[in-house]
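Student: Dropping a structure here in structure tokens format, bear with me for questions.
The values are calculated or read from the model by the stated rules, or taken from the named source; none is laboratory data. Nothing here was measured: the structure is a model prediction, and the numbers come from that model. Cβ placement follows ideal geometry from the backbone for every residue including glycine, while neighbour counts extend to all protein chains displayed.
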């Protein structure tokens with residue numbers, strides 16, 4: 001169940017299989033896989049549910065998270081007073097108070113959270129807030145829908161009044177919260193303020209905001225920000241920064257700027273690593289420029305940088321996409337010789353290249369090789385194969401492969417259903433045109449109604465499955481579908 005059917009295997013020329021897989025498939029081991037447990041769709045292990053024995057501390061934290069049902073400040077104060085006076089089992093330590101504040105801040109405003117904190121300090125004098133207490137308020141203030149930074153400043157001032165100067169951790173929490181809330185401009189403003197008043201953010205925070213700037217701002221604005229941070233606060237970009245910038249321009253298909261950035265990072269004393277080279281190769285592959293990708297690969301080896309699995313997969317994808325499948329197969333051999341095992345991405349990329357060349361049977365040979373290697377295909381793999389088989393008019397093989405998917409409970413990508421249905425419906429119309437010549441027009445009418453019913457099924461997967469059943473009935477049965485066919489569609 002789940003393996004390539006024998007009819008599909010027999011369609012593959014023996015010589016083709018030897019040429020494509022003899023040098024790639026390892027020798028068979030002495031251990032064999034049982035036929036009922038194929039590589040494609042391994043059975044999910046059955047695990048018995050055991051009773052969880054949470055620690056008292058974990059149980060307490062869980063109880064605290066569900067305490068506050070309303071953002072009403074008055075109710076929150078009453079609840080806190082009730083907990084303090086009637087629940088001696090609760091560990092009334094710093095962690096307990098911070099957990100309470102964290103729970104309430106998830107449903108309240110910043111002002112109400114600050115008011116509850118002041119109430120905690122006043123009604124329970126033994127509680128002394130620490131830095132993490134105020135970080136809760138800082139994080140909440142950054143997530144608030146406030147076009148200005150007034151609520152952030154309010155939380156920071158409260159922190160200062162209690163003797164805690166904002167540090168790099170404070171800056172990181174604030175910047176990340178602002179960026180994740182989509183407030184990138186305020187994050188830039190706050191970074192500059194922190195750098196001038198408190199402490200310069202570390203490289204992790206700096207690279208985080210650079211990454212979000214790349215998603216929302218132009219290259220010129222990003223360059224201005226980098227230069228300002230360098231000149232005013234001596235915060236310089238590192239290799240990760242340049243990798244983020246190179247990835248950004250490669251996604252914009254601006255490989256000229258990517259090449260310039262590589263020269264800049266070398267000038268700054270950095271040596272490009274595997275991530276940098278992989279990023280540039282990906283950019284050339286997006287442009288279907290396999291020659292330039294190979295050039296980057298050769299430069300990478302000359303610089304003594306060892307390629308990884310992503311390097312080889314990127315090259316194979318780019319070469320296959322640009323129609324250079326033979327070279328992609330050579331890279332596959334090099335990759336296995338270097339000890340990198342092909343994965344689903346590797347095989348799917350090669351299948352795509354073979355299908356583009358019209359060699360759908362060669363792509364099926366790779367599916368067989370995947371099974372031997374224990375590599376499981378995914379929906380993208382099957383969608384690629386089905387597209388290639390339909391393009392080559394190997395519809396029966398496509399239907400058999402679809403049957404393998406159904407057995408393995410694998411779902412096609414949405415676009416693949418349309419690709420599969422188009423040639424099938426064209427062939428169906430030929431069948432119907434032949435039925436027009438029958439003397440019994442009622443037979444044609446019934447078949448046509450069933451066809452229309454199939455096409456009107458909303459779910460593409462159900463529509464395809466229903467059509468295959470309908471076509472099989474048309475070709476192999478002398479009977480005419482009746483109203484029960486509609487009921488069958490409902491339970492597919």
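Student: Considering only region 53-139, give the helices (runs of 4 or more DSSP H) lying wholly within it that have at least 3 residues that are at pLDDT 85 or above and farther than 26 Å from residue 168 by Cβ. Give the steps one after another, and end with the answer.
Tutor: On the way: elements: 56-65, 73-86, 94-105, 110-123.
In region 53-139, 73-86, 94-105, 110-123 are the helices (runs of 4 or more DSSP H) which contain 3 or more residues that are at pLDDT 85 or above and farther than 26 Å from residue 168 by Cβ.
Student: Give the residues of region 170-197 that are more than 26 Å from the chain's Cα centre (by Cα) and at positive phi, sorted by residue number.
Tutor: Selection gives nothing.
Student: Can you find even one residue in region 165-172 that is outside any helix (DSSP H, G or I), surrounded by 21 or more Cβ atoms within 10 Å (Cβ to Cβ) and free of Cβ contacts under 8 Å to residues at least 60 places away in the same chain?
Tutor: Within region 165-172, one or more residues are outside any helix (DSSP H, G or I), surrounded by 21 or more Cβ atoms within 10 Å (Cβ to Cβ) and free of Cβ contacts under 8 Å to residues at least 60 places away in the same chain.
Student: Quick test of your reading of the structure: residue 220 fulfils all but one of (1) modelled with pLDDT of 95 or more; (2) loosely packed, with under 15 Cβ neighbours inside 10 Å. Name the failing condition by number.
Tutor: If we test residue 220 against (1) modelled with pLDDT of 95 or more; (2) loosely packed, with under 15 Cβ neighbours inside 10 Å, just (1) comes out false.
Student: Restricting attention to region 143-164, and to residues there that are in contact with a helix residue (DSSP H, G or I) (Cβ under 6 Å, 6 or more places away or on another chain) and assigned to a loop (DSSP other than H, G, I, E, B), which single residue is farthest from residue 110 (Cα to Cα)?
Tutor: Among them, the one singled out is 164.
Student: Assuming residue 178 fulfils every condition listed in (1) surrounded by fewer than 16 Cβ atoms within 10 Å (Cβ to Cβ); (2) within 28 Å of residue 208 (Cα to Cα); (3) in contact (Cβ under 8 Å) with a residue 12 or more places away in the chain apart from one, which condition is it?
Tutor: (1)
Student: Next question. Among the candidates 345, 305, which residue alone is in contact (Cβ under 8 Å) with a residue 12 or more places away in the chain and either part of a helix (DSSP H, G or I) or in contact with a strand residue (DSSP E or B) (Cβ under 8 Å, 6 or more places away or on another chain) (or both)?
Tutor: Exactly one residue qualifies, and that residue is 345.
Student: Still on this structure, I have one more. Could you say which residue among 315, 235 is touching a residue at least 40 places away in the same chain (Cβ under 8 Å) and either in contact with a helix residue (DSSP H, G or I) (Cβ under 6 Å, 6 or more places away or on another chain) or part of a helix (DSSP H, G or I) (or both)?
Tutor: Answer to the selection: 235.
Student: Does residue 377 fit the bill of being surrounded by 24 or more Cβ atoms within 10 Å (Cβ to Cβ) and either outside any helix (DSSP H, G or I) or free of Cβ contacts under 8 Å to residues at least 12 places away in the same chain (or both)?
Tutor: Working: surrounded by 24 or more Cβ atoms within 10 Å (Cβ to Cβ): yes; either outside any helix (DSSP H, G or I) or free of Cβ contacts under 8 Å to residues at least 12 places away in the same chain (or both): yes.
Yes, satisfied.
Student: Being more than 22 Å from residue 389 (Cβ to Cβ), more than 21 Å from the chain's Cα centre (by Cα), part of a helix (DSSP H, G or I) and free of Cβ contacts under 8 Å to residues at least 24 places away in the same chain: is that true of residue 339 here?
Tutor: Taking the combined requirement at face value, the residue does not satisfy it.
Student: Same structure, new question: Please go through region 140-150 and give me each residue that is surrounded by fewer than 23 Cβ atoms within 10 Å (Cβ to Cβ) and within 15 Å of residue 102 (Cβ to Cβ), ordered by number.
Tutor: Kept after step one, since they are surrounded by fewer than 23 Cβ atoms within 10 Å (Cβ to Cβ), are these residues of region 140-150: 143-150.
Of everything in region 140-150, just one residue is surrounded by fewer than 23 Cβ atoms within 10 Å (Cβ to Cβ) and within 15 Å of residue 102 (Cβ to Cβ), namely 143.
Student: Being touching a residue at least 12 places away in the same chain (Cβ under 8 Å), surrounded by 16 or more Cβ atoms within 10 Å (Cβ to Cβ), closer than 30 Å to residue 355 by Cβ and more than 27 Å from the chain's Cα centre (by Cα), is that true of even one residue in region 270-289?
Tutor: Scanning region 270-289 turns up no residue that is touching a residue at least 12 places away in the same chain (Cβ under 8 Å), surrounded by 16 or more Cβ atoms within 10 Å (Cβ to Cβ), closer than 30 Å to residue 355 by Cβ and more than 27 Å from the chain's Cα centre (by Cα).
Student: How many residues are out of contact with any helix residue (DSSP H, G or I) (no Cβ under 9 Å at 6 or more places or on another chain) and in a helix (DSSP H, G or I) when one looks only at region 261-284?
Tutor: Pass one, region 261-284, residues out of contact with any helix residue (DSSP H, G or I) (no Cβ under 9 Å at 6 or more places or on another chain): 263, 266-267, 269.
Imposing the further condition that a residue be in a helix (DSSP H, G or I) reduces the set to 263, 266-267.
The number of residues fulfilling the criteria is 3.
Student: From (1) under 17 Å from residue 111 (Cα atoms); (2) surrounded by fewer than 16 Cβ atoms within 10 Å (Cβ to Cβ); (3) in contact (Cβ under 8 Å) with a residue 40 or more places away in the chain, pick out the condition that doesn't hold for residue 189.
Tutor: (1)
Student: Taking the stated definitions as given, is residue 357 at pLDDT below 95 and farther than 21 Å from residue 258 by Cα?
Tutor: yes
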